[in-house]
Amino acid sequence: MKKTFLFLVSITFLISCNNKEKYQGKWSYFYSNNIVNSTYDTPSHITIENDSIKFNYPYFDHGHKFPLRIKNKNLIFNNWNIHSNVIEDTLLLNHLNFHIPSFNDSLYSLWGEHKIRINLPQVQGIKFDSQFTNDYRIFLYFGKRIDNNKYSLLLNDSYGDYNDLPRFLYVGCGGEREESTPFVTTYLFFDKDSKMKEIEQIFTTMSRLKSQKLKLINDIKLKFNDSMGIHYNYESIIKTLHPFQVNEKYYGSIMNQPLPPPPPTSYSFFHDFKPQTKFILLKKDKIYFKNKIVNPVDLKNLIKPWIKENNILFSLYDLGSTYGSFLEMNAIINSAYEEVREAYSKIKFNKSLKKITREEMNEIKMKIRMYHIWSHSIPHYNSVIKQEKSFLGLKVNKKM
């Protein structure tokens, strides 16, 4: 009896080992079978090694790794229990199919080695928008090249810089956007340690090209549900670039090219009232107000009264600060606007912002307007003020 029991245990152990063994390896996403997700929102590879599973983001070096248990064809990790199956060289995982490619496989070329590494900002304690948008999307990646460790844009699968953006963003001559893509959201995946000197060139180019709606990505979250399967969710803040306004000499110094044809005459956002202006400065990764350092945890309470009074808020940056500090500053400001609007919504409509109608939201936005100028550097702002004594129609003589 004892020998029979030991024999059954051994058989069970061997079957379990064989089941685990067939899952081992690097599996490449078979994108053509995917109906629900776009290739941008789905892992490019799954790597299963012993008791761990790792998911790779398609276009730059960014992975999610979890401890793994395999039981009755279920992959158990991250508090998820996902049914799976292995048929020959294909791993079936909910809605997604992965297979083990050969070096001659076209899929291997598509999901080859990463060309760029990006350490996302991952700012903590700030509320970010994470909603999925059905707008036409463009993805920009800026981080360190794998081959030489220098910062670079990755445009599709090629290295580039701001000079390559016009063609990449489907923009026609003279800075006019093609009519085929009127509702575009550009997703910015930028390394937290990249310098604002380089980011300024990108912002300036995009503003000139009228690429206005941006999602500044803070982090990537791996998600799972029955309807979409495994997919990525982007933790971000949404910003809008202001119309193009530069000093000609300054533009030439940062862009190494002549100033493009002038845009339509700039208009004032401020119409029939004379607002107060407030300036928050980011210098050497420190936030300043009136030449005094402001702790990030105190910034929100500092600016809330300005928001209630519809003051104009300039958040300018120096060129030596990092993108991570820049994103943190602007995320706090965005969060302050949202909290002020939330409080007003509860007073006016007795509802939270998540439950109001579109008409009610428009009324709130008209009452508490987001007068926030955020995408200009300190030297850029100073050069414009010196030349024109105004900024976007706002009469300002003060240099920073």
Phi-based couplings in Hz for the stretch 380-386 (Karplus 6.51, -1.76, 1.60; Gly and Pro marked x): 4, 4, 4, 5, 5, 4, 4
Heavy atoms of ASP191: accessible area, 1.4 Å probe, square angstrom to 10: 0
Computed accessible area, GLU339, all protein chains, 1.4 angstrom probe, square angstrom: 70
Distance between modelled label sites at LYS308 and GLU360, nm, 7 Å Cα→Cβ extension: 2.2
Hz values of 3J(HN,Hα) by residue in the stretch 149-161 - Karplus curve (6.51, -1.76, 1.60), Gly and Pro given as x: 6, 8, 6, 7, 6, 10, 10, 6, 10, 10, 6, x, 9
ASP89 accessible area, 1.4 Å probe, all protein chains in place, Å² to nearest 10: 70
Chain lengthening between ASN81 and PHE168 when straightened (0.36 nm per residue, less Cα-Cα): 27.3 nm
Hz values of 3J(HN,Hα) by residue in the stretch 353-361 - Karplus curve (6.51, -1.76, 1.60), Gly and Pro given as x: 4, 5, 10, 7, 7, 4, 5, 5, 5
For the stretch 57-101 and the stretch 331-398, distance of Cα centres in Å: 44
Listed residues SER253, SER325 arranged by accessible area, highest first, probe 1.4 Å: SER253, SER325
Ranking by accessible area, most exposed first, for ILE146, ILE199 with a 1.4 Å probe: ILE146, ILE199
Separation of the LYS284 and ASN149 label points, Cα + 7 Å toward Cβ, nm: 2.5
Pairs from LYS304/LYS386; LYS278/LYS389; LYS54/LYS221; LYS115/LYS192 whose Cα-Cα separation, in the structure shown, is over 21 Å: LYS304/LYS386
Total formal charge among the other residues, if their Cβ is under 15 angstrom from that of ASN74, Lys/Arg +1 and Asp/Glu -1: +3
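The values are calculated or read from the model by the stated rules, or taken from the named source; none is laboratory data. Here the structure is a predicted model, which means the values were calculated and not measured. Note: ideal-geometry Cβ built from the backbone for every residue, glycine included; neighbour counts use all protein chains shown. Accessible surface areas use protein heavy atoms only, side chains included; no ligands, DNA or RNA. Shrake-Rupley method; radii C 1.70, N 1.55, O 1.52, S 1.80 Å.
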